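To start, the structure under review is shown below, and the notes come after it.
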Amino acid sequence: MSLLRIFPLAAALSAAVPTLTLAEARQHGNVVFDLPNGWVTGATRDDGTLVILSRLPDDECEYCYMYVGSGLDRAEDPVFYLKRNPRLFLEEDDGDPKEVVPADAFDLGPHKGAMLGQLVDGELRILMALSVGNRTEVFAFEGNGDEPEEIQADLKVFERDLVPLVSSARFLSDGAKPLLGPAQPGDLAGIYQGSGIRWSLGLDMMMQSSTYVNLYVFWKDGHFYDGTPPDGLQPLDTAAALKSGDMSWGNYRVSGGKLHLDYADGDSDELDFDGNVVDGFSCGETTCYLADSIPDGSKIEGTVDNTSYTGFSPNSGVSGGVGSSSTLTFLADGNWTYKSSTGVSGNFDSGGGYAISGGNQADGSYRIENSTVIRSFNDGSPDLTSLIYKVGNEILIGSSFFDGKVVR
């Protein structure tokens, strides 16, 4: 089947009328869009890309994805942009894309756009770029690229779901109203943390435990952040967050013994207080309590250690397993070191075996400010920022327990 049939859709975009009943509105950065029924928003990648996953009934387009990028703060010719960026939305370990349909231009109201078709590692990918005033917004669809019948079926989903999403999208830079209204001042401030044990079934059919940590940061101006804010306890820079595609923040309010969280992306959550505000609130399967901050300029001494191991499945014909360990060491002189190792070993029931091992290491300096520990690398890699705080007698860095102390 020729993929050239993709691009009659380019003309259809200009007059596209959504044919699928649309669910709730969502926002990612500058883009406000209607999420089609049967799709759910997933994680946001480090580069600000929102991943949207298929949960369509009857396993329709089961392994399909849609992507909404954080966009560019400059206007680009959509055709030339797609030609120059063939790896748009691809990750480092993805293969090289093969262009199967050249970039084709279309008009969407006052906006110029383009689409390009690719095959990557057996997957069909349709890239879209849209020039919106002095910005460029980017989208993509990913489906099956192996079998002609599946390609045809997934293209119908693309036409039914992604085309209306893009054609009905609104843009803050065009004057669209953001989904999140202004924050109202509140009484919560600081880091709230809750931890617990989660059990899962390993490859060896044995139950394994792991510690999970939930983190929230609140400000008295009415904002909150779910996770680690880029600037720690500094006032939240909402404009910078939107620009980078970071939608892990929003507004909070307390009403009727509940904590209401309204996220910038349009999602919301309602959490119960354990008594009153000072007693903490439910967060997942645990309770989040107010943590103590570590003073700016502090130095710490100790380690963060992680170890894991899982065996191979029983009756698989091989015994052994996969293990890994890492140690992050902080020194009182303001430096840090990191070492990790991984290993795989196995013995076949029929005789013989194998063992593979590897590891990494890094080092640099650190500083503590705004309740974060910021690690700079001696090799010039980008800084890493984690919250650092104290719960009772325990110090945590991000979601990991720190075996050490504050020395000054």
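The values are calculated or read from the model by the stated rules, or taken from the named source; none is laboratory data. Computed from a predicted structure; not experimentally measured. Every residue, glycine as well, gets a Cβ built from its backbone with ideal geometry; the counts of neighbours run over all protein chains shown.
Those residues that are outside any strand (DSSP E or B) and more than 30 Å from residue 231 (Cβ to Cβ), I need them from the stretch 318-370; list them, please. Talk me through it step by step, then tell me what you get.
First pass over the stretch 318-370, keeping only residues outside any strand (DSSP E or B): 331-334, 349-352, 370.
Matches in the stretch 318-370: 349, 350, 351, 352.
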Checklist entry - Of the residues that sit in the stretch 359-386 and are closer than 17 Å to residue 299 by Cβ and among the aliphatic types (A, V, I, L, M), which one is farthest from the chain's Cα centre (by Cα)? => result 368
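Suppose we filter the stretch 229-283 for residues that are small (Gly, Ala, Ser), assigned to a helix (DSSP H, G or I) and either closer than 19 Å to residue 214 by Cα or touching a helix residue (DSSP H, G or I) at 6+ places or on another chain (Cβ under 9 Å) (or both); how many remain? Steps first, answer last, please.
Step one: of the stretch 229-283, the residues small (Gly, Ala, Ser) are 232, 239-241, 244-245, 248, 250, 255-257, 264, 266, 268, 275, 280, 282.
Narrowing further to those that are assigned to a helix (DSSP H, G or I): 239-241, 244.
Now restrict to residues that are either closer than 19 Å to residue 214 by Cα or touching a helix residue (DSSP H, G or I) at 6+ places or on another chain (Cβ under 9 Å) (or both): none.
Qualifying residue count for the region: 0.
Can you tell me which residues in the stretch 251-307 are at positive phi and either touching a residue at least 12 places away in the same chain (Cβ under 8 Å) or not small (Gly, Ala, Ser) (or both)? Break it down stepwise before answering.
Going through the stretch 251-307, the residues at positive phi turn out to be 256-257, 266, 275, 280, 284, 297, 302.
Residues satisfying the conditions are 257, 266, 280, 284, 297, 302.
Results for (1) in contact with a Ser or Thr (Cβ under 6 Å, 6 or more places away or on another chain); (2) at pLDDT below 95, shown as yes or no for each residue.
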residue	(1), (2)
33	no, no
40	no, no
43	no, yes
47	no, yes
50	yes, no
54	no, no
80	no, no
83	no, no
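If you check 108, 90, which single one turns out to be touching a strand residue (DSSP E or B) at 6+ places or on another chain (Cβ under 9 Å) and at pLDDT below 95?
Details: 90 fails: at pLDDT below 95.
Sole residue among the options that is touching a strand residue (DSSP E or B) at 6+ places or on another chain (Cβ under 9 Å) and at pLDDT below 95: 108.
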Checklist entry - Of the conditions (1) more than 26 Å from residue 27 (Cα to Cα); (2) at pLDDT below 95, residue 97 fails just one. Which one is it? => result (2)
